[in-house]
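**Q** Got a structure for you, written out below as structure tokens; questions coming shortly.
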Amino acid sequence: MVLNFLKVFQLKKHILQVLLTLSALLMTTISHVAVAAYEYDFPEQKTQIGRELTDLHHFVFYVCLAIMVFVTIWMFASIFMHRKSRGVEPANFSHSTTLEIIWTAVPVLILIVMAIPATKMLIKMEDTTKSDITIKVTGYQWKWQYEYLADNVDFYSTISTPRDQIDQYNNDAPVPQGENYLQETDNHVVIPAGKKVRILLTANDVIHAWWVPKLGGKKDAIPGYINEMWIRADEDAIGTYRGRCAELCGKDHAFMPIVVDVVSQEDYETWLAANADTASDQIKSVAAAKLAQPKQSVATTE
Amino acid sequence: MAHTPTGLKRWLMSTNHKDIGTLYLIFSLSMLFLGGAFALVIRAELFEPGLQYVDPHFFNQMTTVHALVMVFGAVMPGFVGFANWMIPLQVGAPDMALPRLNNFSFWILPFAFTLLISSFFVPGGAPAAGWTLYAPLTIQGGMSVDMAIVAIHIMGVSSIMGAINVIVTVLNMRAPGMTLMKMPLFVWTWLITAFLLIAVMPVFAGAVTMLLTDRHFGTAFFDPAGGGDPVLYQHIFWFFGHPEVYIMILPAFGIISAIIPTFARKPLFGYSSMVFATAAIAFLSFIVWAHHMFTVGMPLQGELFFMYSTMLIAVPTGVKIFNWLSTMWRGSMTFETPMLYSIAVVFLFTIGGLSGIMLAITPVDFQYHDTYFVVAHFHYVLFSGAVMAMMGGAYYWLPKWTGHMYNETLGKWHFWLTTIFFNITFFPQHFLGLAGMPRRYADYPIQFTEFNQWSSVGAFGLGISQLLFVYIIVQTVRGGEKATDEVWENPEGLEWTVPSPAPFHTFEEQPTVK
């Protein structure tokens, strides 16, 4: 098999040897990573929507993989069987209407099979009605502001990773990076488990995007717009989830993380009580005015 | 016999399609190295978590200018170079229809790029808002943004003039007997590309001009405080941006469609369906733009429309892939460097196309959007699609251009190094994106370290391997085994009826196609 392969590509043996040595070298250079835990797929989802999203992602991926396998087999079968070095005389056909109709029609069917669950999923995700609580999230260069509109809670959330862990320009004495490097903030967003949380997104300066991978989906926070998304963390999802800004927003784009604490309803209420009234009157009136506007969003789905 | 100018004058004042083609190709290759150098700064910084070499602002300048240089400096002029060299030779014309325009459209390019690159030296450095130049972030930029806007205008003028030249040449200067449906597919793909260029470059010019007036003349097209709309910019940009994607890939399809039949020793399968598929892709490219903006908060109906239309692109693209595979099927294949490149392009472009289908699915795109999954996707279509097709094309036609055969062993080396390092660089980026790493990040949480290291090692290998490409080209230009007129075994096309190297003036007597 390998020898065949060599012959096919007219590769001389020494080329293969060098290639092998090269890849061995490469493996050695980065061998310490071999033991590390590679994350290569969506992280484990903590919402029902997130799990359905992952299933859809896997479904689409496997369909694509099947197509890739089909293309690969076809191509390599040609490469092995239909080459001059085996003395094959070339055929002379150049079209086949039947075949061309088949490989136009079959992909259309495959696409329809993918489009149906995708459409259902999308309709579900865009339905922000019947929410239990509403949090308004505002992106700034480079921090997030969270306002719990009904509960008088309002705070900013800024990265809390120490600067000396980030700046490694002077490599003499690098400060070791913590487990949650670039994924820790001074104030956490707190949401109750099992409740539908509607998130209103806007920004104060440039476009940002709010994304917590384990809670599914992201959405842009755009100045002048109020976008909507919603999440419902599982009842048993109590814990801390980390996310980040996903739309280039300038110098510190990589340094405005999101940390969400999912807590029980009681803990949530306790937390609200402890943090209520932190909103300044000015912010409250601005928020109220924004909410009162009939043209709440140019672009969200109702 | 017409005169043959020499020295500096030959190049500066050239109206010869071959010389101008050569200029374009050299320019494109230099930009590939410049853009590649920026990419290596990015990969060096991303080798480890933490900031080791550059500050985040400079990092953003690198990502921005890397993309601008690669898109407008390497890929687009590269294909114009191929068009200049090959379209007259393939349609049997003595030159491009508008030779002076041709000279002008090349020679304004170096000025455009001088302007763009010199923006590194103004206060605040080069543009840092990403090659998409999204408002309002671009509004914040320094004077470098204005320099980039002017540079983009010049590049646009150059592209439009080049496109006009291609259309006029193809429609008016074909040899007798060469009907439209007998044109080589490379000519067809370029004809359609030229229409795309004329349609969308002015749109891009409009978008950046609105940015310019927002920045300096008190307008508020994209500023919500003045009643403007940041999302409007994205709509206009991607109305240009998506056809632009096909501008960069259709000529590559043309090159592949020339190479595969030659080395399969069998006519191209489904010629007319190739033409219709190309036209279909071009048409669809105008109605899919908002799939780049699924997360901006479009209405459900809009998201569904753009999801369905985007998925449809898979159909004509699939037709092309299947046609290439059928061309290879029951052929009598050999695997010279151009063929190796073409096979790799078909294989790797299919990976990029399939990840494109995944990205088209709106609900899951909410996870993929703006992550490294997208970066991996578009490098699979842009590098292993467009750039590797150009490399294959260069090996394919280099004997015709120079009169010498390139060194086959070195060519294969270049192919394998490029392909292997390309995959080491970009395949892990799929995983990074799925696991949650956003693109355009100067620094990242530690769980993304391993794949970033693979990617960085691969990138340096990929970059260094390209020095071999330059070496092979220089070696072939300077000497080597004499190439025959046909170069390959019974290749199809008028370019193989002229001597190698193609003389300064060809087809002074019109050939006839039966």
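**Q** Quick one: how many residues across the stretch B:481-498 are touching a residue at least 24 places away in the same chain (Cβ under 8 Å), within 17 Å of B:Tyr406 (Cα to Cα) and exposed (fewer than 14 other Cβ atoms within 10 Å of the Cβ)?
**A** 3
**Q** Out of everything in the stretch A:59-78 that is within 7 Å of chain B (Cβ to nearest Cβ) and of a type in the set (A, V, I, L, M), what residue ends up being nearest to B:Gly331 (Cα to Cα)?
**A** Here the residue is A:Met75.
**Q** Further question on the same structure: If you check B:Thr337 against the conditions, is it more than 7 Å from chain A (Cβ to nearest Cβ) and farther than 19 Å from A:Phe70 by Cβ?
**A** On the way: more than 7 Å from chain A (Cβ to nearest Cβ): yes; farther than 19 Å from A:Phe70 by Cβ: yes.
Yes; evaluated as a whole, the condition is true for this residue.
**Q** Would you tally the residues in the stretch B:75-132 being hydroxyl-bearing (Ser, Thr, Tyr) and either on the phi > 0 side of the Ramachandran plot or within 17 Å of the chain's Cα centre (by Cα) (or both)?
**A** Adding up the residues that qualify gives 1.
**Q** State the number of residues belonging to the stretch A:220-245 that are among the basic types (Lys, Arg) and either more than 8 Å from every other protein chain (Cβ to nearest Cβ) or surrounded by fewer than 24 Cβ atoms within 10 Å (Cβ to Cβ) (or both).
**A** Result for the stretch A:220-245: 2.
**Q** Being free of Cβ contacts under 8 Å to residues at least 60 places away in the same chain and of a type in the set (A, V, I, L, M, F, W, C), is that true of even one residue in the stretch B:393-413?
**A** Yes, the stretch B:393-413 has at least one match.
**Q** With respect to the numbered conditions (1) farther than 27 Å from A:Leu201 by Cβ; (2) free of Cβ contacts under 8 Å to residues at least 60 places away in the same chain; (3) facing chain A (nearest Cβ under 7 Å), which one is the sole condition not fulfilled by B:Pro299?
**A** Checking B:Pro299 against (1) farther than 27 Å from A:Leu201 by Cβ; (2) free of Cβ contacts under 8 Å to residues at least 60 places away in the same chain; (3) facing chain A (nearest Cβ under 7 Å), the one that fails is (1).
**Q** Now for a separate question. B:Ala83 - would you say it is assigned to a helix (DSSP H, G or I) and small (Gly, Ala, Ser)?
**A** Numbers: assigned to a helix (DSSP H, G or I): yes; small (Gly, Ala, Ser): yes.
Criteria met by B:Ala83.
**Q** Give B:Ile357, B:Ile259 a once-over and let me know the one that is modelled with pLDDT of 95 or more, within 8 Å of chain A (Cβ to nearest Cβ) and part of a helix (DSSP H, G or I).
**A** Working: B:Ile259 fails: within 8 Å of chain A (Cβ to nearest Cβ).
Being modelled with pLDDT of 95 or more, within 8 Å of chain A (Cβ to nearest Cβ) and part of a helix (DSSP H, G or I) holds for just one of B:Ile357, B:Ile259, which is B:Ile357.
**Q** Can you tell which of B:Ile420, B:Ile472 is within 14 Å of chain A (Cβ to nearest Cβ) and either in contact with a helix residue (DSSP H, G or I) (Cβ under 8 Å, 6 or more places away or on another chain) or not aromatic (Phe, Trp, Tyr) (or both)?
**A** Numbers: B:Ile472 fails: within 14 Å of chain A (Cβ to nearest Cβ).
Result: B:Ile420 is the single residue among B:Ile420, B:Ile472 that is within 14 Å of chain A (Cβ to nearest Cβ) and either in contact with a helix residue (DSSP H, G or I) (Cβ under 8 Å, 6 or more places away or on another chain) or not aromatic (Phe, Trp, Tyr) (or both).
**Q** While we're here: Please find, within the stretch A:244-266, the residue that is nearest to the chain's Cα centre (by Cα) out of those that are of a type in the set (Gly, Ala, Ser) and in a loop (DSSP other than H, G, I, E, B).
**A** Here the residue is A:Ala246.
So that you can scan it fast, the table gives a plain yes or no per residue for (1) among the basic types (Lys, Arg); (2) touching a helix residue (DSSP H, G or I) at 6+ places or on another chain (Cβ under 8 Å); (3) closer than 30 Å to A:Phe76 by Cβ:
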position	(1), (2), (3)
B:Asp223	no, yes, no
B:Leu232	no, no, no
B:Ile236	no, yes, no
B:Phe240	no, yes, no
B:Met248	no, yes, yes
B:Tyr271	no, yes, yes
B:Ala280	no, yes, yes
B:Trp289	no, yes, no
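**Q** Another question about this same structure. So the check is Cβ under 7 Å with 6+ separation or different chains; which pairs have a first residue in the stretch B:4-26 that's closer than 17 Å to B:Leu101 by Cα and a second one that's acidic (Asp, Glu) and in a loop (DSSP other than H, G, I, E, B)?
**A** Note: pairs meeting the criteria are B:Asn16/B:Asp95; B:His17/B:Asp95.
**Q** Anything in the stretch B:469-480 that is modelled with pLDDT of 95 or more and surrounded by fewer than 17 Cβ atoms within 10 Å (Cβ to Cβ)? List them, or say none.
**A** Those that are modelled with pLDDT of 95 or more and surrounded by fewer than 17 Cβ atoms within 10 Å (Cβ to Cβ): B:Val470, B:Tyr471, B:Val474, B:Gln475, B:Val477, B:Arg478.
The values are calculated or read from the model by the stated rules, or taken from the named source; none is laboratory data. Quick caveat, the model's predicted, so the values are computed rather than measured. Every residue, glycine as well, gets a Cβ built from its backbone with ideal geometry; the counts of neighbours run over all protein chains shown.
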